Amino acid sequence: QVQLVESGGGLVQPGGSLRLSCAASGIRFNSYNMGWYRQAPGKQRELVARITNGGGTNYADSVKGRFTISRDNAKNTVFLQMNSLKPEDTAVYYCNAARVTTIYWGQGTRVTVSS
């Protein structure tokens, strides 16, 4: 059974930081591209950051320079370090594992940026 379990969300003030984690099980983790997506109320889900199985990364323009995605293949975990958070970063953040035509999603973790 495949599971992607996100953690690390919460309430943070503008300018603060959070680190999201996504622990994967049931897949050969090091063969999957991993991503973080987010969905704000009333908006479509969007890509935040992605890291390939080879370690290449790409980011949404809105988070470049503030967010960093990384992975630990030994721990089957992908991380999203979020710095300089803004109210517009408020959303539910979802972990994604993708390989060819196979895609898995986590249940999401909520991030609220508010004073």
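State the extension gain, in nm to one decimal, for the chain segment bounded by Asp61 and Arg19, taking 0.36 nm per residue of separation less the distance between their alpha-carbons.
My answer for the length gained is 13.2 nm.
On a C-alpha basis, how far is the centre of region 44-99 from the centre of region 1-42 in Å? Whole number, if you could?
8 Å
Given the whole protein assembly as supplied and a 1.4 Å probe, what does the accessible area of Tyr32 come to in Å², nearest 10?
20 Å²
Where is the GNM fluctuation largest for the chain (alpha-carbon springs, 10 angstrom cutoff): Asp61, Asp89, Asp72?
Maximum fluctuation in the GNM of the chain, among the listed residues, is at Asp61.
Give me the dipole magnitude in Debye, nearest 20, for the chain about the Cα centre, with unit charges on the beta carbon: positive for Lys and Arg, negative for Asp and Glu.
My answer is approximately 120 debye.
Return a whole-number percent for the relative contact order of the chain, with Cα pairs under 8 Å and 6 or more residues apart as the contact set.
36 percent
For region 1-59, what is the relative contact order in percent, using Cα pairs closer than 8 Å and at least 6 residues apart in sequence?
Over region 1-59, the number comes to 25 percent.
Counting residues in the chain as N, plug N into 2.2 N^0.38 Å and put the Cα Rg over that result.
So the chain has a normalised radius of gyration of 1.00.
The values are calculated or read from the model by the stated rules, or taken from the named source; none is laboratory data. Predicted model, so just to flag it, every value in this text is computed and none were measured. Don't worry about glycine lacking a Cβ; one is built from the backbone with ideal geometry, like all the others, and counts go over all protein chains shown. Surface accessibility is based on the protein's heavy atoms, side chains included, excluding ligands, DNA and RNA. Shrake-Rupley method; radii C 1.70, N 1.55, O 1.52, S 1.80 Å.
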